[in-house]
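The next block holds one structure in the form of C-alpha coordinates; read it before the comments.
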Amino acid sequence: MNTTPPATVSAWRRLIRRFGWAGHGVIAHFRTQENARIHFGAAVVTVVAGFLFGISRGEWIAVILAIGLVMTAEAFNTAIESVVDLVSPEQHPLAGRAKDVAAGAVLMAAMTAVVVGVLVFGPHLLALASH
(Lines give C-alpha, C1' and ligand atoms only; values in the text may rest on other atoms or scores of the structure.)
Protein backbone atom coordinates (compact mmCIF):
# COMPACT_ATOMS: atom_id res chain seq x y z
CA MET A 1 0.00 0.00 0.00
CA ASN A 2 1.36 3.42 -0.93
CA THR A 3 1.24 5.76 2.09
CA THR A 4 2.94 8.68 0.37
CA PRO A 5 0.48 11.53 -0.07
CA PRO A 6 0.16 12.84 -3.61
CA ALA A 7 2.17 15.93 -4.42
CA THR A 8 -0.09 18.94 -4.47
CA VAL A 9 0.42 22.48 -5.59
CA SER A 10 0.23 23.64 -1.98
CA ALA A 11 2.94 21.14 -0.97
CA TRP A 12 5.20 22.52 -3.68
CA ARG A 13 4.44 26.08 -2.56
CA ARG A 14 5.35 25.20 1.04
CA LEU A 15 8.60 23.64 -0.15
CA ILE A 16 9.48 26.68 -2.25
CA ARG A 17 8.62 28.94 0.69
CA ARG A 18 11.00 26.95 2.93
CA PHE A 19 13.80 27.39 0.42
CA GLY A 20 12.98 31.10 0.36
CA TRP A 21 13.31 31.35 4.14
CA ALA A 22 16.62 29.51 3.97
CA GLY A 23 17.77 31.89 1.27
CA HIS A 24 16.81 34.85 3.46
CA GLY A 25 18.90 33.30 6.23
CA VAL A 26 21.94 32.99 3.97
CA ILE A 27 21.54 36.60 2.80
CA ALA A 28 21.12 37.86 6.38
CA HIS A 29 24.18 35.87 7.42
CA PHE A 30 26.42 37.47 4.80
CA ARG A 31 24.95 40.95 5.29
CA THR A 32 25.47 40.98 9.05
CA GLN A 33 28.60 38.87 9.63
CA GLU A 34 31.96 40.28 8.62
CA ASN A 35 33.68 36.93 9.19
CA ALA A 36 31.26 35.26 6.78
CA ARG A 37 32.24 37.78 4.12
CA ILE A 38 35.93 37.17 4.84
CA HIS A 39 35.44 33.40 4.50
CA PHE A 40 33.51 33.96 1.28
CA GLY A 41 36.35 36.09 -0.10
CA ALA A 42 38.85 33.37 0.78
CA ALA A 43 36.60 30.84 -0.95
CA VAL A 44 36.48 32.95 -4.11
CA VAL A 45 40.29 33.25 -4.14
CA THR A 46 40.59 29.49 -3.61
CA VAL A 47 38.19 28.68 -6.44
CA VAL A 48 40.03 31.05 -8.80
CA ALA A 49 43.33 29.40 -7.81
CA GLY A 50 41.77 26.01 -8.48
CA PHE A 51 40.91 27.05 -12.03
CA LEU A 52 44.32 28.66 -12.59
CA PHE A 53 46.20 25.57 -11.40
CA GLY A 54 43.84 23.15 -13.13
CA ILE A 55 43.31 21.04 -10.02
CA SER A 56 41.96 17.53 -10.43
CA ARG A 57 38.42 16.35 -9.75
CA GLY A 58 39.48 14.82 -6.43
CA GLU A 59 41.20 18.06 -5.44
CA TRP A 60 38.04 19.99 -6.33
CA ILE A 61 36.03 17.67 -4.11
CA ALA A 62 38.40 18.31 -1.19
CA VAL A 63 38.37 22.08 -1.77
CA ILE A 64 34.58 22.28 -2.09
CA LEU A 65 34.08 20.19 1.05
CA ALA A 66 36.54 22.37 2.98
CA ILE A 67 34.80 25.55 1.83
CA GLY A 68 31.41 24.10 2.73
CA LEU A 69 32.69 23.02 6.14
CA VAL A 70 33.94 26.51 6.98
CA MET A 71 30.84 28.28 5.66
CA THR A 72 28.54 25.91 7.54
CA ALA A 73 30.52 26.23 10.77
CA GLU A 74 30.39 30.03 10.49
CA ALA A 75 26.62 29.96 9.95
CA PHE A 76 26.09 27.66 12.95
CA ASN A 77 28.32 29.92 15.02
CA THR A 78 26.19 32.92 14.08
CA ALA A 79 22.98 31.05 14.90
CA ILE A 80 24.32 29.88 18.27
CA GLU A 81 25.55 33.35 19.18
CA SER A 82 22.17 34.85 18.25
CA VAL A 83 20.24 32.35 20.38
CA VAL A 84 22.62 32.79 23.32
CA ASP A 85 22.28 36.58 23.11
CA LEU A 86 18.49 36.19 23.04
CA VAL A 87 18.18 33.88 26.04
CA SER A 88 21.05 35.35 28.07
CA PRO A 89 21.45 39.07 27.35
CA GLU A 90 23.48 39.44 30.54
CA GLN A 91 26.90 37.84 30.85
CA HIS A 92 26.85 34.28 32.12
CA PRO A 93 29.71 31.75 32.20
CA LEU A 94 27.69 29.11 30.32
CA ALA A 95 26.63 31.63 27.68
CA GLY A 96 30.26 32.62 27.23
CA ARG A 97 31.32 29.00 26.98
CA ALA A 98 28.68 28.26 24.35
CA LYS A 99 29.82 31.20 22.26
CA ASP A 100 33.51 30.32 22.71
CA VAL A 101 32.94 26.69 21.71
CA ALA A 102 30.95 27.76 18.64
CA ALA A 103 33.74 30.14 17.63
CA GLY A 104 36.25 27.36 18.29
CA ALA A 105 34.35 25.12 15.88
CA VAL A 106 34.82 27.73 13.17
CA LEU A 107 38.52 27.89 13.98
CA MET A 108 38.82 24.10 13.74
CA ALA A 109 37.00 24.12 10.40
CA ALA A 110 39.22 26.92 9.09
CA MET A 111 42.37 25.10 10.21
CA THR A 112 41.13 21.97 8.43
CA ALA A 113 40.55 24.03 5.29
CA VAL A 114 44.09 25.41 5.50
CA VAL A 115 45.48 21.88 5.70
CA VAL A 116 43.38 20.88 2.68
CA GLY A 117 44.64 23.98 0.87
CA VAL A 118 48.28 23.11 1.60
CA LEU A 119 47.77 19.52 0.47
CA VAL A 120 45.96 20.53 -2.72
CA PHE A 121 47.84 23.67 -3.74
CA GLY A 122 51.27 22.94 -2.23
CA PRO A 123 52.41 20.57 -4.99
CA HIS A 124 51.12 22.96 -7.67
CA LEU A 125 52.97 25.89 -6.09
CA LEU A 126 56.17 23.83 -5.74
CA ALA A 127 55.95 22.79 -9.39
CA LEU A 128 55.44 26.41 -10.40
CA ALA A 129 58.38 27.54 -8.26
CA SER A 130 60.69 24.91 -9.74
CA HIS A 131 60.23 26.22 -13.30
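The values are calculated or read from the model by the stated rules, or taken from the named source; none is laboratory data. Predicted model, so just to flag it, every value in this text is computed and none were measured. Quick note on the areas: whole protein, heavy atoms, side chains included, nothing else; ligands and nucleic acids left out. Shrake-Rupley method; radii C 1.70, N 1.55, O 1.52, S 1.80 Å.
Observations
- Take the Kirkwood radius over Cα pairs of region 25-64, plug it into Stokes-Einstein at 20 °C and 1.002 mPa s, and you get 191 µm²/s for translational diffusion.
- Surface share of carbon and sulfur [accessible, 1.4 angstrom probe, percent] for the chain: 71 percent
- Rg(Cα) / (2.2 N^0.38 Å) computed for region 74-131, rounded to two decimals: 1.76
- In Å, descending, principal axis extents of the Cα set of region 1-77: 52, 33, 19
- HN-Hα J in Hz across region 36-45 - Karplus 6.51, -1.76, 1.60, θ = phi - 60°, x for Gly and Pro: 5, 5, 5, 4, 5, x, 4, 5, 4, 4
- More than 23 angstrom apart: percent of Cα pairs within the chain: 52 percent
- Computed with a 1.4 Å probe over protein heavy atoms only, the accessible surface of region 2-131 comes to 73 Å² per residue.
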